[in-house]
Amino acid sequence: LLVLARFLQDREAGVHADSQRLALLAQGVVQDLNDRIQGTAQLHFGLARARDLDSDDRAACSAFLSEVRETYPQYTGILTIRPDGRLFCDSLQSGRELDLNNRNYFRRALTAHDIVLEPTFGRLTGQAVLQVAYPARAADDRLRFVLLASLSLARVATAEMPEVAGSRVMVIDTKGTVLTGPALDRGPMAVGRSLAGTPLHAWLQAQHGAASARSEE
């Protein structure tokens, strides 16, 4: 009985220590993401005043954004969207014609005066990104264009954080879609899968801050 009690005590201590390290890991990821968002907001503020983006020359404008993106590899793409929802400048220089009126971040940016965020899979790259949109407005409040930077969520999830054996970092949107996770994972929590309706997603929706739970499975 003493041996069993000692085993249970050690197990509880191990679970508590791992929970503390996991909490530190999660807080580190959140802080890193917040820092990247603030950095993107500052980048947008500067780009919105660049004369190169006020040009009707789509090729030159895209070439300018391509040079900017090479300086900031944390973005999978940087682009501008006209007020009518059409893609214009594109750092990938794809030349594609895209109607982005159905994107939530664009609809919100039409009436916003600050950055708008939306996690999703980018239409040009297919990668999981945090879309950071900024409405560039004229002095009379007229919308000139919407600046969009696609922040790679994979880079956030693989940031250098304390390691916990058997742990993995995932980013899940509010709808339950797994946006990032281990590249080789092909199970029920693989990238692109939905956790909607699962006990894990229900538990996550019930939280209002950092929290942890244990499974006996």
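Helix-only arithmetic for the chain: the sum of -39500 (n - 2.57) across DSSP H runs with n ≥ 4, divided by the residue total, places the mean residue ellipticity at 222 nm at -12000 deg cm²/dmol. Among Arg58, Arg142, Arg11, the order of accessible area from largest down is Arg142, Arg11, Arg58, computed with a 1.4 Å probe on protein heavy atoms.
For the chain, compute Rg over Rh where Rg is the Cα radius of gyration and Rh is the Kirkwood radius from the inverse mean 1/r over Cα pairs. Before the final figure, lay out the partial values.
Values: Rg = 21.2 Å, Rh = 19.5 Å.
My calculation of the ratio gives 1.08.
3J(HN,Hα) couplings calculated from phi for the range 51-56 with the Karplus curve 6.51 cos²θ - 1.76 cosθ + 1.60 (θ = phi - 60°) are, in sequence order, 5, 4, 8, 8, 7, 8 Hz; Gly and Pro show x.
Heavy-atom surface analysis with a 1.4 Å probe gives the chain a carbon and sulfur content of 53 percent of its accessible area. About its Cα centre, the dipole of the chain is roughly 340 debye, where the only charges are +1 on Lys and Arg Cβ and -1 on Asp and Glu Cβ. Distant-in-sequence amide contacts of Leu98, defined by a placed amide H-H separation under 5 Å and a gap of 5 or more residues or a different chain, comprise Leu87. For the set Thr71, Thr40, the ranking by accessible area, highest first and with no ligand, DNA or RNA atoms included, is Thr71, Thr40 under a 1.4 Å probe.
A simple rule links phi to the HN-Hα coupling: the Karplus curve 6.51 cos²θ - 1.76 cosθ + 1.60 with θ = phi - 60°, which for the range 37-48 gives 5, 4, x, 5, 4, 5, 4, 4, 4, x, 5, 4 Hz, with x for Gly and Pro. Note that the range 122-135 has calculated 3J(HN,Hα) couplings of x, 6, 7, 10, x, 8, 6, 9, 9, 6, 10, 9, 9, x Hz, one per residue in order, obtained from phi through the Karplus relation 6.51 cos²θ - 1.76 cosθ + 1.60 (θ = phi - 60°); glycine and proline are x. Close amide H pairs (under 5 Å, H built 1.01 Å from N) link Arg123 with no residue at least 5 positions away or on another chain.
The values are calculated or read from the model by the stated rules, or taken from the named source; none is laboratory data. Bear in mind the structure is a predicted one, so any value in this text is a computation, not a measurement. Backbone-built Cβ (ideal geometry, glycine too); neighbour counts: all protein chains shown. The accessibility values were calculated without ligands, DNA or RNA, using every heavy atom of the protein model including side chains. Shrake-Rupley method; radii C 1.70, N 1.55, O 1.52, S 1.80 Å.
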